[in-house]
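In what follows, a structure is listed as structure tokens, so that the remarks can point back to it.
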Amino acid sequence: MGKFLLGLLTGAVLIVLIGVIAVFSVLSLRTKPAPVADGSTLILHLRGDVPETPPVGLPASIPFLQPETPLTVEDVWSMLRSAASDSRIRAVVFEPEGASPGWAKMQEIRGDLEQFRKSGKPLFAYLKSPDARAYYMASACSRIYMSPVDVLDLKGIALQLMFFKNTLDKLGVHVDVEHAGKYKDYGDQFTKTSMSPETNEVISSIADDIYADLIGAIAKGRGKDAATVRATLDNGPFLAKQAKAAGLVDELRYEDQAFGELAATLHQSALKKITEQDYNQTPPAAGGNKVAFVVAEGTITRSNPDPTSTTTLESDTFDKTLSRVANDSTIKAVIVRIDSPGGEVVASDEMWRAMNELTRKKPTVISMSDDAASGGYYMAMSGAPLIAYPATETGSIGVVFGKPDLRGLFDKIGITEDFVSRGRFALIESEYFPLNDAEKMKLRQGIDSDYEDFLAKVAAARKKPVSAIEPVAQGRVWLGDQAKENGLVDALGGIDLAIEMVKARAGIAANAQVNLVLYPPKRSLLQILFSQNPDPDAEVDAMLSGVGLEPIRRAWRDASLRVWMKGGMLRMMPFRIRIQ
């Protein structure tokens, strides 16, 4: 009876909550975007991740939810481009507090800030509890402020990988792993306790590249030489006074004081502020040539195992989007924006075919974000030009298979399984037995076949013989600048370069305006609540997770782990790097 009443109460609360949000959503339709006053300063806050896929649009009339609505990379790009030419915007203050985009996305954002700075308008940064990520981006600003008692946590970079073998041994769990490519070591986290020589080689090269970029960016932004910056970073982290003495920040001020100094620069008695949330709701300029901006973000899967997840890229949905774009006569060209570490082999192949169908119908350019590795790289093999950031993790041309053997764990907790099977390999995916030699050989046939197919498709798309691709394959992850040197991508750059190149391919004049059309488009909560989606509550739940429930589901919502635990062959990047 108690459970029934609890369920009834929970359902009633949920219905009321959805009703309240629906009412606010309806009211928001009648609410015009906040006007942009002449002489405004855009306060650009950046918190948490900066995704590629537009999040659920929350009503402006629910202010307590608004701060949790993240900006996309395209949002930041478009806002700074707009602010540079918007006569109503006099300056920008950049406030990256707890921002955690990947390094390639930070290269885009830093470049966007540099581009805005060329407008001649003041560009200030105010740092709160800044780390290397925040400072890297802020170093593009003309002046940097921080609180007099804050700490600049800038001390270089560290790349960490986590291994679970000892834990699995204690639990009695064994994981069988087979892979094609000596660097394809995604399964090492389950079978080893430390990095293999191959992994250490790759991680070391990535650390060297990213650290050099950090030093170079600081040197450029602060007008110092690289050797001086390198020596300075060896003394980090820095107290506020130490940061100022080292020339890393310009002034130590409380936030209101920094705003006051900017107001004086603009000859205003008080700063006229507009937040990124309000400015982002300003309607874009009409007209221009329509260019589709199609986002492919997340771990690739044929079917989404968790409809509340925002970290999966479902091939069926994505393929339908590409088909719709390809057949839209109003769209003159397409930029496909990939941010994926890979995933299931079959799903990757289906997306590869859809990409090739698209490029046959529309001028296309592929822009790679933080990740375009393994299946994320495979799907891009359409012959369209590939653009990466210097720090994009790409390549990882290889295949891996993994299967857990839970027999030891079952023994510890008293579970037994019994079987009746027909067929030599009927139990090859059973979690109750490890792989035997015959089963491993059978799997090798499939893994090697998929690897050869991967190599062939890369060779065809890159217009090179397989013999030229194989040495830079082997499952190795390359950063974008390394991939460019090895002929795996065509150019280094971001959204601006993608637009420039797709204009040329579509015969659009270089100085002509383009209108980027997002796919999937931003959707409001009201659209979700009243859509024909068979499970709208799942999407509402995904939205609400951003308001405090996310940590509870974070482990299970790791799409790459869920796909891995299903068993089967994957085109998956061998590791995920956490930089701190």
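The values are calculated or read from the model by the stated rules, or taken from the named source; none is laboratory data. All values derive from a computational prediction rather than experimental measurement. Neighbour counts are summed over all protein chains in view; Cβ atoms, including those assigned to glycine, are modelled from backbone coordinates with ideal geometry. Surface areas here come from the heavy atoms of the whole protein model, side chains and all, with no ligands, DNA or RNA. Shrake-Rupley method; radii C 1.70, N 1.55, O 1.52, S 1.80 Å.
Of all residues in the stretch 243-259, how many are crowded, with 16+ Cβ neighbours inside 10 Å and either of a type outside the set (A, V, I, L, M) or at pLDDT below 95 (or both)? So that I can check it myself, show each step before the final result.
Looking only at the stretch 243-259, we keep the residues that are crowded, with 16+ Cβ neighbours inside 10 Å, and these are 243-244, 246, 248-250, 252-253, 258-259.
Add one more test, that the residue is either of a type outside the set (A, V, I, L, M) or at pLDDT below 95 (or both), and what stays is 244, 250, 253, 259.
Matching residues across the stretch 243-259 total 4.
Tally up the residues in the stretch 322-346 that are assigned to a loop (DSSP other than H, G, I, E, B) and either touching a Cys at 6+ places or on another chain (Cβ under 9 Å) or polar (S, T, N, Q) (or both), please.
Number of matching residues: 3.
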> Which residues, counting only those in the stretch 463-488, are buried (at least 17 other Cβ atoms within 10 Å of the Cβ) and either without any contact (Cβ under 8 Å) to a residue 12 or more places away in the chain or among the aromatic types (Phe, Trp, Tyr) (or both)?
Replying inline: Trp478
> Among the residues of the stretch 494-518, how many are open to solvent by less than 40 Å² (accessible area, probe 1.4 Å) and at positive phi?
Replying inline: 0
>> It is to be established whether one or more residues within the stretch 452-462 are closer than 23 Å to Thr191 by Cβ and either open to solvent by 40 Å² or more (accessible area, probe 1.4 Å) or in contact with a strand residue (DSSP E or B) (Cβ under 6 Å, 6 or more places away or on another chain) (or both).
In response: no
> Looking at (1) in a strand (DSSP E or B); (2) farther than 19 Å from Arg505 by Cβ; (3) modelled with pLDDT of 95 or more; (4) not polar (S, T, N, Q), which is the one condition that is false for Asp349?
Replying inline: (1)
> Can you pull out the residues in the stretch 420-458 that are basic (Lys, Arg) and either closer than 12 Å to Ala180 by Cα or free of Cβ contacts under 8 Å to residues at least 60 places away in the same chain (or both)?
Replying inline: Arg422, Arg424, Lys442, Arg444
>> Suppose we filter Arg562, Arg523, Arg554 for residues that are of a type in the set (Lys, Arg), open to solvent by less than 50 Å² (accessible area, probe 1.4 Å) and at pLDDT below 95; which single one remains?
In response: Arg562
> Which one of Ala372, Ala354 is free of Cβ contacts under 8 Å to residues at least 40 places away in the same chain and part of a strand (DSSP E or B)?
Replying inline: Ala372
> Could you list, in sequence order, the residues of the stretch 96-110 that are open to solvent by less than 10 Å² (accessible area, probe 1.4 Å) and in a strand (DSSP E or B)?
Replying inline: Pro96, Ala99
